[in-house]
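Everything below concerns the one structure shown next.
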Amino acid sequence: MLYLLLKIEGSSVKKIAVFASGRGSNFQAIYRHITRGELPAQIQCLITDNFRAGAIPFAEKHRIPVFVLSPKNFSSPEDFGQALLDVLARFQVEWIVLAGYLKKIPDNVVNAFPNRMVNIHPALLPAFGGKGMYGMNVHRAVYHSGAQVSGVTIHLVNQEYDAGPIVMQQAVDISGCRNPEEIAAKVLEVEHQLYPRALKRLFISPFTITGKRVEFHQLEEIGKAG
Ligand code: GRF
(Lines give C-alpha, C1' and ligand atoms only; values in the text may rest on other atoms or scores of the structure.)
Protein backbone atom coordinates (compact mmCIF):
# COMPACT_ATOMS: atom_id res chain seq x y z
CA MET A 1 0.00 0.00 0.00
CA LEU A 2 2.78 2.36 1.01
CA TYR A 3 4.73 1.25 -2.06
CA LEU A 4 1.74 2.05 -4.25
CA LEU A 5 1.41 5.52 -2.76
CA LEU A 6 5.11 6.25 -3.24
CA LYS A 7 4.86 5.07 -6.81
CA ILE A 8 1.96 7.40 -7.51
CA GLU A 9 3.82 10.31 -5.87
CA GLY A 10 7.02 9.49 -7.75
CA SER A 11 5.45 9.16 -11.15
CA SER A 12 3.62 12.47 -10.82
CA VAL A 13 6.69 14.66 -10.32
CA LYS A 14 6.47 17.04 -13.26
CA LYS A 15 9.36 18.74 -14.96
CA ILE A 16 8.51 22.41 -15.27
CA ALA A 17 9.98 25.58 -16.74
CA VAL A 18 9.08 28.86 -15.07
CA PHE A 19 8.81 31.96 -17.25
CA ALA A 20 9.17 35.25 -15.34
CA SER A 21 9.93 38.81 -16.41
CA GLY A 22 10.13 40.70 -13.13
CA ARG A 23 10.36 40.45 -9.37
CA GLY A 24 9.78 36.69 -9.34
CA SER A 25 7.95 36.33 -6.02
CA ASN A 26 5.60 33.67 -7.46
CA PHE A 27 8.60 31.79 -8.84
CA GLN A 28 10.09 31.82 -5.33
CA ALA A 29 6.81 30.69 -3.75
CA ILE A 30 6.62 27.77 -6.18
CA TYR A 31 10.23 26.84 -5.48
CA ARG A 32 9.59 26.87 -1.72
CA HIS A 33 6.51 24.69 -2.01
CA ILE A 34 8.55 22.20 -4.02
CA THR A 35 11.42 22.09 -1.53
CA ARG A 36 8.94 21.63 1.35
CA GLY A 37 7.57 18.58 -0.46
CA GLU A 38 4.19 20.18 -1.06
CA LEU A 39 4.30 20.34 -4.84
CA PRO A 40 5.40 17.33 -6.92
CA ALA A 41 7.49 19.20 -9.45
CA GLN A 42 11.06 19.95 -10.40
CA ILE A 43 12.06 23.32 -11.85
CA GLN A 44 14.23 22.49 -14.85
CA CYS A 45 14.96 26.08 -15.85
CA LEU A 46 13.95 29.71 -15.57
CA ILE A 47 13.23 31.53 -18.81
CA THR A 48 13.11 35.30 -18.87
CA ASP A 49 13.19 38.13 -21.38
CA ASN A 50 14.74 40.56 -18.91
CA PHE A 51 18.30 40.29 -17.69
CA ARG A 52 17.36 42.52 -14.72
CA ALA A 53 14.58 40.18 -13.57
CA GLY A 54 14.62 39.64 -9.81
CA ALA A 55 13.99 35.96 -10.48
CA ILE A 56 17.51 35.54 -11.92
CA PRO A 57 19.62 35.90 -8.75
CA PHE A 58 17.22 33.63 -6.89
CA ALA A 59 17.50 30.98 -9.61
CA GLU A 60 21.29 31.24 -9.69
CA LYS A 61 21.50 30.92 -5.92
CA HIS A 62 19.47 27.72 -6.13
CA ARG A 63 21.36 26.36 -9.16
CA ILE A 64 18.43 26.56 -11.52
CA PRO A 65 19.60 27.12 -15.13
CA VAL A 66 18.59 30.56 -16.45
CA PHE A 67 17.94 31.54 -20.08
CA VAL A 68 17.49 35.16 -21.10
CA LEU A 69 15.72 35.19 -24.45
CA SER A 70 14.13 38.32 -25.83
CA PRO A 71 11.83 38.37 -28.87
CA LYS A 72 13.57 41.51 -30.11
CA ASN A 73 16.68 39.45 -30.83
CA PHE A 74 14.79 37.18 -33.25
CA SER A 75 13.55 37.96 -36.73
CA SER A 76 10.05 36.54 -36.16
CA PRO A 77 7.80 35.20 -33.38
CA GLU A 78 8.31 31.73 -34.91
CA ASP A 79 12.09 31.98 -34.56
CA PHE A 80 11.71 33.21 -31.00
CA GLY A 81 9.32 30.34 -30.31
CA GLN A 82 11.73 27.82 -31.82
CA ALA A 83 14.51 29.06 -29.55
CA LEU A 84 12.21 28.60 -26.54
CA LEU A 85 11.19 25.14 -27.77
CA ASP A 86 14.86 24.14 -28.10
CA VAL A 87 15.50 25.02 -24.45
CA LEU A 88 12.30 23.29 -23.33
CA ALA A 89 13.23 20.14 -25.25
CA ARG A 90 16.78 20.16 -23.93
CA PHE A 91 15.41 20.12 -20.36
CA GLN A 92 12.58 17.67 -21.14
CA VAL A 93 10.07 20.18 -19.84
CA GLU A 94 6.54 18.83 -19.45
CA TRP A 95 4.74 21.94 -18.16
CA ILE A 96 5.28 25.68 -18.66
CA VAL A 97 4.45 27.85 -15.66
CA LEU A 98 4.06 31.55 -16.42
CA ALA A 99 4.76 33.68 -13.36
CA GLY A 100 4.66 37.34 -14.28
CA TYR A 101 5.94 36.78 -17.83
CA LEU A 102 5.21 39.85 -19.93
CA LYS A 103 5.95 38.74 -23.48
CA LYS A 104 3.47 37.10 -25.82
CA ILE A 105 4.04 33.36 -26.02
CA PRO A 106 4.58 32.48 -29.72
CA ASP A 107 1.94 30.24 -31.29
CA ASN A 108 4.38 27.40 -31.94
CA VAL A 109 5.07 27.19 -28.20
CA VAL A 110 1.36 27.35 -27.26
CA ASN A 111 0.65 24.59 -29.78
CA ALA A 112 3.47 22.41 -28.45
CA PHE A 113 2.06 22.56 -24.89
CA PRO A 114 -1.70 22.06 -25.26
CA ASN A 115 -3.26 22.40 -21.78
CA ARG A 116 0.21 22.12 -20.28
CA MET A 117 0.87 25.83 -19.90
CA VAL A 118 -0.47 27.72 -16.87
CA ASN A 119 -0.74 31.40 -16.02
CA ILE A 120 -1.59 33.43 -12.94
CA HIS A 121 -3.69 36.57 -13.21
CA PRO A 122 -4.05 38.98 -10.26
CA ALA A 123 -7.84 39.48 -10.57
CA LEU A 124 -10.98 37.44 -11.06
CA LEU A 125 -11.18 36.64 -14.77
CA PRO A 126 -13.00 37.09 -17.07
CA ALA A 127 -13.19 40.60 -15.56
CA PHE A 128 -10.11 42.81 -15.67
CA GLY A 129 -8.23 40.69 -18.20
CA GLY A 130 -7.09 41.02 -21.80
CA LYS A 131 -4.45 43.01 -23.61
CA GLY A 132 -2.65 45.59 -21.46
CA MET A 133 -4.09 44.14 -18.28
CA TYR A 134 -1.00 43.16 -16.34
CA GLY A 135 0.72 44.20 -13.13
CA MET A 136 -0.47 47.42 -11.57
CA ASN A 137 -2.71 48.16 -14.57
CA VAL A 138 -5.00 45.42 -13.30
CA HIS A 139 -5.08 46.68 -9.72
CA ARG A 140 -5.65 50.29 -10.84
CA ALA A 141 -8.58 49.20 -13.02
CA VAL A 142 -10.06 47.18 -10.16
CA TYR A 143 -9.59 50.08 -7.73
CA HIS A 144 -11.21 52.64 -10.03
CA SER A 145 -14.10 50.30 -10.83
CA GLY A 146 -15.13 50.50 -7.21
CA ALA A 147 -15.22 46.70 -6.90
CA GLN A 148 -15.05 45.47 -3.33
CA VAL A 149 -13.82 42.03 -4.26
CA SER A 150 -10.82 41.13 -6.38
CA GLY A 151 -8.85 37.92 -6.38
CA VAL A 152 -6.55 35.51 -8.12
CA THR A 153 -7.14 33.34 -11.18
CA ILE A 154 -5.04 30.41 -12.29
CA HIS A 155 -5.83 29.40 -15.86
CA LEU A 156 -4.54 27.31 -18.72
CA VAL A 157 -3.08 29.23 -21.63
CA ASN A 158 -4.49 29.09 -25.13
CA GLN A 159 -4.29 31.42 -28.13
CA GLU A 160 -6.61 34.00 -26.58
CA TYR A 161 -5.23 36.46 -24.04
CA ASP A 162 -6.32 35.64 -20.44
CA ALA A 163 -9.15 33.48 -21.77
CA GLY A 164 -7.98 29.89 -21.25
CA PRO A 165 -9.92 27.46 -19.04
CA ILE A 166 -9.92 28.47 -15.36
CA VAL A 167 -8.23 26.01 -13.02
CA MET A 168 -8.74 27.73 -9.65
CA GLN A 169 -9.84 31.09 -8.31
CA GLN A 170 -9.86 32.74 -4.93
CA ALA A 171 -11.64 35.96 -4.04
CA VAL A 172 -9.97 38.65 -1.94
CA ASP A 173 -11.95 41.23 0.05
CA ILE A 174 -10.57 44.64 -0.94
CA SER A 175 -13.29 46.77 0.63
CA GLY A 176 -10.77 48.19 3.12
CA CYS A 177 -8.05 48.96 0.53
CA ARG A 178 -7.28 52.66 0.10
CA ASN A 179 -5.29 52.49 -3.14
CA PRO A 180 -4.21 50.07 -5.92
CA GLU A 181 -0.97 49.27 -4.08
CA GLU A 182 -2.87 47.96 -1.08
CA ILE A 183 -4.97 45.79 -3.38
CA ALA A 184 -1.81 44.46 -5.07
CA ALA A 185 -0.25 43.52 -1.72
CA LYS A 186 -3.36 41.75 -0.48
CA VAL A 187 -3.82 39.85 -3.73
CA LEU A 188 -0.13 38.87 -3.93
CA GLU A 189 -0.29 37.08 -0.57
CA VAL A 190 -3.07 34.89 -1.93
CA GLU A 191 -1.20 34.34 -5.23
CA HIS A 192 1.71 32.75 -3.38
CA GLN A 193 -0.59 30.14 -1.83
CA LEU A 194 -3.01 29.56 -4.68
CA TYR A 195 -0.53 29.03 -7.53
CA PRO A 196 1.28 26.08 -5.90
CA ARG A 197 -2.09 24.55 -4.91
CA ALA A 198 -3.48 24.84 -8.43
CA LEU A 199 -0.31 23.40 -9.94
CA LYS A 200 -0.45 20.49 -7.53
CA ARG A 201 -3.99 19.73 -8.56
CA LEU A 202 -3.09 19.90 -12.26
CA PHE A 203 -0.07 17.67 -11.80
CA ILE A 204 -1.78 15.05 -9.65
CA SER A 205 -5.32 14.76 -10.86
CA PRO A 206 -6.44 13.72 -14.32
CA PHE A 207 -8.76 16.34 -15.78
CA THR A 208 -10.97 16.93 -18.75
CA ILE A 209 -11.88 20.19 -20.42
CA THR A 210 -15.33 20.78 -21.83
CA GLY A 211 -15.61 24.17 -23.47
CA LYS A 212 -14.04 26.40 -20.88
CA ARG A 213 -14.75 24.20 -17.89
CA VAL A 214 -12.02 22.14 -16.28
CA GLU A 215 -13.19 19.05 -14.43
CA PHE A 216 -10.81 17.24 -12.10
CA HIS A 217 -11.41 13.52 -11.64
CA GLN A 218 -9.50 13.01 -8.44
CA LEU A 219 -10.93 15.23 -5.78
CA GLU A 220 -8.76 13.97 -2.91
CA GLU A 221 -5.22 15.32 -3.23
CA ILE A 222 -2.50 12.75 -2.54
CA GLY A 223 0.02 13.55 0.20
CA LYS A 224 0.27 16.78 2.13
CA ALA A 225 -2.23 19.53 1.44
CA GLY A 226 -0.65 22.37 -0.54
C1 GRF B 1 1.78 38.81 -10.23
O2 GRF B 1 0.89 39.72 -9.66
C3 GRF B 1 1.10 37.90 -11.21
O4 GRF B 1 -0.23 37.65 -10.88
C5 GRF B 1 1.15 38.70 -12.49
O6 GRF B 1 2.39 39.37 -12.45
C7 GRF B 1 2.81 39.53 -11.10
C8 GRF B 1 4.16 38.91 -11.00
O9 GRF B 1 4.72 39.08 -9.73
N10 GRF B 1 0.95 37.86 -13.64
P11 GRF B 1 6.04 38.30 -9.35
O12 GRF B 1 7.07 38.60 -10.42
O13 GRF B 1 5.71 36.84 -9.30
O14 GRF B 1 6.46 38.83 -8.01
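What to note about this one:
- Elements of type strands (runs of 3 or more DSSP E) in segment 1-90, at least 2 residues being away from the ligand (no atom under 16 Å from the Cβ), of a type outside the set (D, E, K, R) and at pLDDT 95 or above: 41-48
- Flag if PRO165 is surrounded by fewer than 18 Cβ atoms within 10 Å (Cβ to Cβ), under 30 Å from PRO77 (Cα atoms) and touching a residue at least 40 places away in the same chain (Cβ under 8 Å): yes
- Filter result (over 12 Å from GLY24 (Cα atoms) and either crowded, with 19+ Cβ neighbours inside 10 Å or touching a Cys at 6+ places or on another chain (Cβ under 8 Å) (or both)) within segment 39-58: LEU39, PRO40, ALA41, ILE43, GLN44, CYS45, ASP49
- Residue identified as of a type outside the set (Phe, Trp, Tyr), under 29 Å from ILE209 (Cα atoms) and within 15 Å of the ligand (Cβ to nearest atom) among ALA112, ALA127, ALA141: ALA127
- Residue tally, condition assigned by TED's automatic domain parsing to the domain that holds LEU202, part of a helix (DSSP H, G or I) and either among the basic types (Lys, Arg) or surrounded by 21 or more Cβ atoms within 10 Å (Cβ to Cβ) (or both), over segment 91-147: 4
The values are calculated or read from the model by the stated rules, or taken from the named source; none is laboratory data. Treat the numbers as computed from the prediction; the structure is a model and nothing was measured. Virtual Cβ from ideal backbone geometry, glycine too; neighbours counted across all protein chains shown.
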